[in-house]
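See structure below.
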Amino acid sequence: QCKEHKSSEYRIYENSMNAKAPEMFMLENSFHGALEKGEFALYYQPKVNIFTQEIVGLEALIRWQHPTMGLVPPSIFIPLAEETGFISEIGSWVLKTACDQIITWHHQGLQPLSVAVNLSAHQFYQPTLLAELDHILSTTQIDPQYLELEITETTAVENIELTTQLLQQVQTLGIHIAMDDFGTGYSSLNYLKQLPLNTLKIDRSFIQDLKPNTKDLEIIRAVVALAMGLDLEIVAEGVDNAEQIQVLKELNCKIVQGYYFSQPLPTAEMTRMLQDNWQQRRHPVTVALNSG
Ligand code: C2E
Ligand code: MG
Ligand code: MG
Ligand code: MG
């Protein structure tokens, strides 16, 4: 009797796992033509040096303005795009759009900043990745050091040997590499030794409840020391309050990204923020970005 009960429970679980919500089917169907109709946009979130308040780089984050479903977050549609293969098209569009934007900002006379682009596993392991990167660098003529690629630990450990090779080739092109969501996947010291990386982005889960005398604080202290020893840049993700900033200052964790400074912004708003930031550099007396 007990066994029967268990197995029927299992069936329910299994069904709910397999059954795709109707909204997912709708999204899946509307990938067709969505790029051409201009439904996707890149938003940009600044990485800020907390000691100088200067913007030191940006992360490009995709948004989908769906005609009937409204703004769909990437956490919903990126996995779906991976599953259906649309990620190749979307990923190419993201790379191209980000690189074009780097050029536009350059033409507008703004201080050059690096823009980070997220790559999902499927994109990263696609055999055409290097050719595509090479092509985009030569057509846009951007300085490759201003393009950064973010991959996650989960992506990296899918095939650590291949990842090492690929990242070496990416770095040969002059492109920088960041390990995103650091600490949430298999943060093996072995791969830190092996992979050619430029940046570690400490996942928001370690920052969320960051206060004095917490385990999170000690973990970040250790990661900062590790990164320093390995000559990696550290970025704290998801910083949204002044207390976190205070703790991060004490840990000498200089670069942060999060709502405390800015949400991800549409291009026009980011352009204005960059213009203000640039003004600020030339006239350091003007007010800081956020006095918090
Ligand atoms: P991620 O790369 O780790 O990006 C950081 C996410 O944290 C972004 O969510 C950002 O809006 C959010 N965030 C930033 N600061 C704060 C904060 O202070 N508090 C909180 N609660 N959240 C904050 P978003 O834009 O929804 O993106 C989610 C994920 O979707 C990204 O995580 C990335 O993995 C993926 N993604 C976004 N854009 C792209 C893309 O163009 N291509 C691919 N393949 N994946 C993307
Ligand atoms: Mg990212
Ligand atoms: Mg992240
Ligand atoms: Mg994340």
Quote the charge dipole size of the chain about the Cα centre in Debye, to the nearest 20; the model charges only the Cβ of Lys and Arg (+1) and of Asp and Glu (-1).
540 debye
If I take every Cα pair under 8 Å that is 6 or more residues apart in the chain, average their sequence separation and divide by the length, what percent do I get for the relative contact order?
18 percent
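Given a Förster radius of 41 Å and the C-beta distance between His135 and Tyr186 as r, what FRET efficiency does 1/(1 + (r/R0)^6) yield to the nearest 0.05?
That gives a FRET efficiency of 0.80.
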Whole number in Å², please: accessible area per residue of the stretch 48-146, 1.4 Å probe, ligands, DNA and RNA not counted.
44 Å²
Name the most mobile residue of Leu189, Leu265, Leu167, meaning the one with the largest mean-square fluctuation, in a Gaussian network model of the chain with Cα contacts below 10 Å.
Leu189
Enumerate the amide H contacts of His66 below 5 Å, restricted to partners 5 or more residues apart or on another chain; note that Pro and chain-start residues carry no placed amide H.
Leu71, Val72
Karplus (6.51, -1.76, 1.60) ³J(HN,Hα), θ = phi - 60°, over the stretch 34-47, in Hz, Gly and Pro reported as x:
5, 5, 4, 7, x, 7, 9, 9, 9, 9, 10, 10, x, 9
In sequence order, what are the phi-derived ³J(HN,Hα) couplings for the stretch 76-93 according to the Karplus relation 6.51 cos²θ - 1.76 cosθ + 1.60 with θ = phi - 60°, rounded to whole Hz, with x for glycine and proline?
8, 8, 5, x, 5, 5, 5, 5, 9, x, 5, 4, 4, 4, 5, x, 5, 4
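Please give the contour-minus-distance gain from Tyr125 to Asn213: 0.36 nm per residue of separation, less the Cα-Cα distance, rounded to one decimal in nm.
Full extension from Tyr125 to Asn213 adds 27.6 nm.
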Report ³J(HN,Hα) in whole Hz for each residue of the stretch 23-33, in order, from the Karplus equation J = 6.51 cos²θ - 1.76 cosθ + 1.60 where θ = phi - 60°; Gly and Pro get x.
4, 5, 4, 5, 4, 4, 5, 8, 4, 4, x
If unit charges are put on Cβ atoms (+1 for Lys and Arg, -1 for Asp and Glu) and the dipole of the stretch 110-257 is taken about its Cα centre, the option from Leu113, Ile219, Ile136 lying farthest towards the positive end turns out to be Ile219
What's the extension gain from Thr52 to Phe25 if we count 0.36 nm per residue and subtract their Cα-Cα distance?
5.0 nm
Per the helix-only calculation at 222 nm, which mean residue ellipticity applies to the chain, given -39500 (n - 2.57) for every DSSP H run of n ≥ 4 and division by its residues, nearest 500 deg cm²/dmol?
-15000 deg cm²/dmol
When the chain is treated as a GNM, springs tying every alpha-carbon pair under 10 Å, which of Leu200, Leu162, Leu274 comes out with the largest mean-square fluctuation?
Leu162
Keeping the other protein chains in place, figure out the carbon and sulfur percent of the accessible area of the chain, with a 1.4 Å probe.
53 percent
Net charge dipole size for the stretch 129-226 [Lys, Arg +1 and Asp, Glu -1 on Cβ; Debye, nearest 20]:
400 debye
How much of the DSSP beta bridge set in the chain is antiparallel, as a percent to the nearest 5?
45 percent
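The values are calculated or read from the model by the stated rules, or taken from the named source; none is laboratory data. Treat the numbers as computed from the prediction; the structure is a model and nothing was measured. FYI the Cβ positions are ideal-geometry reconstructions off the backbone, even for glycines, and counts take in every protein chain you see. Remember, those area values only see protein heavy atoms, side chains included, never the ligands or the DNA or RNA. Shrake-Rupley method; radii C 1.70, N 1.55, O 1.52, S 1.80 Å.
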